[in-house]
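Following: one structure in structure tokens, then a few remarks.
The values are calculated or read from the model by the stated rules, or taken from the named source; none is laboratory data. Note that the structure is predicted; figures quoted are calculated from it, not measured. Every residue, glycine among them, receives a Cβ derived from its backbone with ideal geometry; neighbour counts consider all protein chains shown. Surface accessibility is based on the protein's heavy atoms, side chains included, excluding ligands, DNA and RNA. Shrake-Rupley method; radii C 1.70, N 1.55, O 1.52, S 1.80 Å.
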Amino acid sequence: MFMSALWDTIFELSDNYENARIFLIDNHIPALRFGNADKPVVFAAGFGAAEWQSSVLLLKYFEVLLHDAAYGKSMAGIAVRKAFKKRSVVIVPCVSPPKMVCEEEPLQIGDLSGFAKYLSFHQASMLLCVSGNEGTIFSPPSNALLPADTETVGKIICACSKLPAAKASDLLAAKFCHWVSRRAQTPAFVISPRESAASALERSYRSLEETFAVSALL
């Protein structure tokens, strides 16, 4: 049911906005792309069947991004159409394979090696995951292979979101970020909103819109 609704939303966005392109990562993970530039910023959500709210947050962001680009509007003070002429954004609203989401099985890191290969092959400039409700920003341990400005990027994300930084988390997304950051040599962060209840989705989105907008340009 969840995957069916998610695909309906993805197809609707692609139909309504010519700049939205659907593709599959590793032949089974649905994704949407905006922009043609190299080294995209990748946003990911949906790390398990209980995290559908994070998927909704990302789809909402992508819809607003496409709308503002199409009509020459600004998002969080950023002129979207102009800013994204040389930028690309990829959103992955449901990282967990559909089979796992339907059966509510735990996410297995080994199943997502194709995701890491995609990030590495396309030289993604950053991976930002949305997960949980811990009210923190999680960043993996320092890695000599990551860009020198990775720590600075993390500080900018914290400042925009007004969430504190954390070095450790039990979130599955945090473990995934640690693993993929090392494997793909890509800066990766997890943003965990303070609240993710269905009744607070709009409030959560508004609190994160600026963070999403700025992160897409880093």
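Out of all the residues in segment 98-117, is one or more buried (at least 20 other Cβ atoms within 10 Å of the Cβ), at positive phi and modelled with pLDDT of 75 or more? Before the answer, list the steps.
First, the residues of segment 98-117 that are buried (at least 20 other Cβ atoms within 10 Å of the Cβ): 101, 107, 112, 115-116.
With at positive phi added as a condition, the list becomes none.
Looking through segment 98-117, none of the residues is buried (at least 20 other Cβ atoms within 10 Å of the Cβ), at positive phi and modelled with pLDDT of 75 or more.
Restricting attention to segment 1-33, which residues are more than 16 Å from ASP68 (Cα to Cα), among the aliphatic types (A, V, I, L, M) and in a helix (DSSP H, G or I)?
Scanning segment 1-33 gives MET3, ALA5, LEU6, ILE10.
Mind listing whichever residues of segment 148-187 are open to solvent by less than 70 Å² (accessible area, probe 1.4 Å), of a type outside the set (Phe, Trp, Tyr) and within 17 Å of ALA116 (Cα to Cα)?
Selection gives LEU172, ALA173, ALA174, CYS177, HIS178, VAL180, SER181, ALA184, THR186, PRO187.
Those residues that are in a strand (DSSP E or B) and modelled with pLDDT under 90, I need them from segment 35-66; list them, please. It would help to see each step written out before you state the result.
Of the residues in segment 35-66, the ones in a strand (DSSP E or B) are 41-44.
Answer for segment 35-66, where residues must be in a strand (DSSP E or B) and modelled with pLDDT under 90: there is none.
Condition first: surrounded by 18 or more Cβ atoms within 10 Å (Cβ to Cβ) and within 12 Å of GLU63 (Cα to Cα). Now tell me which residues in segment 14-32 satisfy that. Don't jump to the end; show me each part of the working.
Here is the first cut: in segment 14-32, the ones surrounded by 18 or more Cβ atoms within 10 Å (Cβ to Cβ) are 17, 20, 25, 29-32.
Those that are surrounded by 18 or more Cβ atoms within 10 Å (Cβ to Cβ) and within 12 Å of GLU63 (Cα to Cα): TYR17, ALA20, LEU32.
So which residues in segment 120-131 are open to solvent by less than 20 Å² (accessible area, probe 1.4 Å) and farther than 13 Å from LEU146 by Cα? So that I can check it myself, show each step before the final result.
Of segment 120-131, the ones open to solvent by less than 20 Å² (accessible area, probe 1.4 Å) are 124, 126-131.
Once the filter is applied, which keeps residues that are open to solvent by less than 20 Å² (accessible area, probe 1.4 Å) and farther than 13 Å from LEU146 by Cα, segment 120-131 yields LEU128, CYS129, VAL130, SER131.
So which residues in segment 33-56 are closer than 15 Å to MET3 by Cα and among the hydrophobic types (A, V, I, L, M, F, W, C), if there are any at all?
Taking segment 33-56 first, the residues closer than 15 Å to MET3 by Cα are 45-56.
Selection gives ALA45, PHE47, ALA49, ALA50, TRP52, VAL56.
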